[in-house]
Amino acid sequence: MITAKKIAVAIFEDNKHLRESLQLLISSSNQFECIGAFADTRNVIAVINKLMPDIIITDIEMPVMNGIDATRLIKNKFPEIPILILTVFDDSERIFQSLQAGGNGYLLKNSSPAEILNALTEVYNGGSALSPAVARKVIQYFQTAPVQQNDYHLTTKEKELLQCLVQGMSYKMIADAMMISFETVKSHIKNVYKKLHVSSNSEAVAKAIKQKIV
């Protein structure tokens with residue numbers, strides 16, 4: 001019997017109890033496995049290069065380098081690896097710094113085990129996972145932010161795809177909705193990222209809402 005390969009997760013969390021709890025939660029699931037858990041971000045690029053995880057979970061307040069700077073650094077080197085921020089901070093400044101750095105999701109540490117696993121699934125499938133309290137702050141910010149008009153020369157298909165991202169749809173859902181292949185979705189996504197000058201779904205969605213592109 002062939003067993004499906006589990007999705008590999010690396011954790012950066014300085015709280016020993018939480019780090020071990022996350023390891024147990026992830027490795028006990030049918031879909032994921034923890035391939036490394038670290039108490040700080042020392043040599044983070046070398047660690048990621050060696051492990052090549054499918055997903056990264058990181059806290060914000062970390063020894064050596066904070067999670068936001070680490071996210072920016074990782075995304076610059078490995079833009080295809082989704083990063084889920086898991087933190088106690090729900091202030092707007094850290095939320096937007098994390099998303100602008102390339103974070104694919106922002107979850108609060110009071111999230112349930114099921115919510116954490118669902119968030120991992122969401123970011124792995126190309127979506128953006130936000131805790132409800134975080135999502136409210138994102139919406140409030142964009143409702144009051146000044147509008148900057150620029151369509152970035154997006155094609156009709158690219159705008160349609162961006163609208164799907166804004167609605168929280170995964171790549172597979174977008175492929176079904178637009179009746180195109182999964183690979184075509186990924187190709188369109190790359191073009192959208194390039195035109196918007198972003199490197200993640202969360203950044204693309206943030207810019208699309210803030211500047212009313214779709």
Can you give the angle from 0 to 90° between the axis of helix 113-124 and the longest principal axis of the chain, with both taken from C-alpha atoms, to the nearest 10? 50
Cα-based reach from LYS6 at 14 Å (exclusive), listing aspartates and glutamates while leaving out same-chain residues under 8 positions away: GLU33, ASP54
Quick one: helix 201-210 against the long Cα principal axis of the chain, what's the angle to the nearest 10°, folded into 0 to 90? 40
For PHE38, residues with placed amide H under 5 Å, excluding near neighbours: ILE11, PHE12, GLU13
Just checking my list (1) 123; (2) 136; (3) 174 against volume of the Cα convex hull per residue in Å³ computed from this structure; which label fits? (1)
Accessible-area order (highest first, 1.4 angstrom probe) of the listed residues THR41, THR156, THR184: THR156, THR184, THR41
Output wanted: per-residue J couplings in Hz (rounded whole) for segment 152-168, from phi through Karplus 6.51 cos²θ - 1.76 cosθ + 1.60, θ = phi - 60°, x for Gly and Pro. 6, 6, 6, 6, 4, 5, 5, 5, 4, 5, 4, 4, 5, 4, 4, 7, x
With label points set 7 Å from each Cα along the Cα-to-Cβ direction at TYR193 and VAL64, the distance between them in nm comes to 2.5
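Relative contact order of the chain: what whole-number percent is it, with Cα pairs under 8 angstrom and at least 6 residues apart? Please list the in-between numbers first.
Values: 330 pairs, mean separation 33.7, N = 214.
Worked out over the chain, it gives 16 percent.
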Counting only protein heavy atoms and leaving out ligands, DNA and RNA, the solvent-accessible surface of ASP176 at a 1.4 Å probe, in Å² to the nearest 10, equals 100
Remind me, relative contact order of segment 153-214 in percent, using alpha carbon pairs under 8 angstrom and six or more residues apart? 41
What spacing in nm lies between the two simple spin-label points modelled at LEU51 and ASN110, each 7 Å away from Cα in the Cβ direction? 2.8
Cross-link table LYS157/LYS195; LYS157/LYS194; LYS77/LYS137, entries beyond 20 Å C-alpha to C-alpha: LYS77/LYS137
Using alpha-carbon coordinates, inclination of helix 132-144 to the longest axis of the chain, degrees: 30
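The values are calculated or read from the model by the stated rules, or taken from the named source; none is laboratory data. Keep in mind that this is a model prediction, so the values were computed, not measured. Because the Cβ atoms are built from the backbone with ideal geometry, glycine has one as well, and the counts that use them run over all protein chains shown. Accessible surface areas use protein heavy atoms only, side chains included; no ligands, DNA or RNA. Shrake-Rupley method; radii C 1.70, N 1.55, O 1.52, S 1.80 Å.
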